[in-house]
Amino acid sequence: MRPEGPTAAPQRFNNRQVIHLQGLRFAANLGILDFERTGPQPIQVDAEVNLGALPIVARDADIGRVLDYRRIRAAIIDECTTEHTDLVEALVGKLSNRLMSLAGVVGVRVKLTKLEIFPDCEVAVSAETGQW
């Protein structure tokens, strides 16, 4: 049974829309140690891209009206594989800047994990940029 009285108007905007990419694994040339300079090593990137308040899409819409998450994935892989980067912190900064440059992005959270740097643990660096 519905309560009596005025019904709430449908929401027209999200408070915040975020695209999440989790567990993106590939090889990248990264690190300052001698063995890290001989070839790529496996890394994992997790990213959250904040698009801020957006109109709610109540039905199928044209992909051209939203940020296609394939573009986010491609930007991450490209930024991490184009050239050797010495420091994880530097690569996280480059990733943050690259993702912030995508149309409509107001905030970025990035976590980059070196999966095989030590035999007993993984090492990760994360950063948050923009609005959250």
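The values are calculated or read from the model by the stated rules, or taken from the named source; none is laboratory data. Predicted model, so just to flag it, every value in this text is computed and none were measured. We place every Cβ from the backbone using ideal geometry, glycine too, and count neighbours over all the protein chains shown.
Key figures for this structure:
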{"item": "Pairs with Cβ under 7 Å, 6+ apart, first in the range 31-47 and closer than 19 Å to VAL110 by Cβ, second surrounded by fewer than 10 Cβ atoms within 10 Å (Cβ to Cβ) and modelled with pLDDT of 90 or more", "result": "GLN44/GLY23; ASP46/GLY23"}
{"item": "Pick from the range 21-57, criterion of a type in the set (Asp, Glu) and either modelled with pLDDT of 95 or more or loosely packed, with under 10 Cβ neighbours inside 10 Å (or both), ranking: farthest from GLY93 (Cα to Cα)", "result": "ASP34"}
{"item": "Out of VAL18, VAL66, sole residue that is within 12 Å of the chain's Cα centre (by Cα) and surrounded by 12 or more Cβ atoms within 10 Å (Cβ to Cβ)", "result": "VAL18"}
{"item": "Test for VAL92: is it more than 11 Å from the chain's Cα centre (by Cα) and either modelled with pLDDT of 95 or more or of a type in the set (A, V, I, L, M, F, W, C) (or both)", "result": "no"}
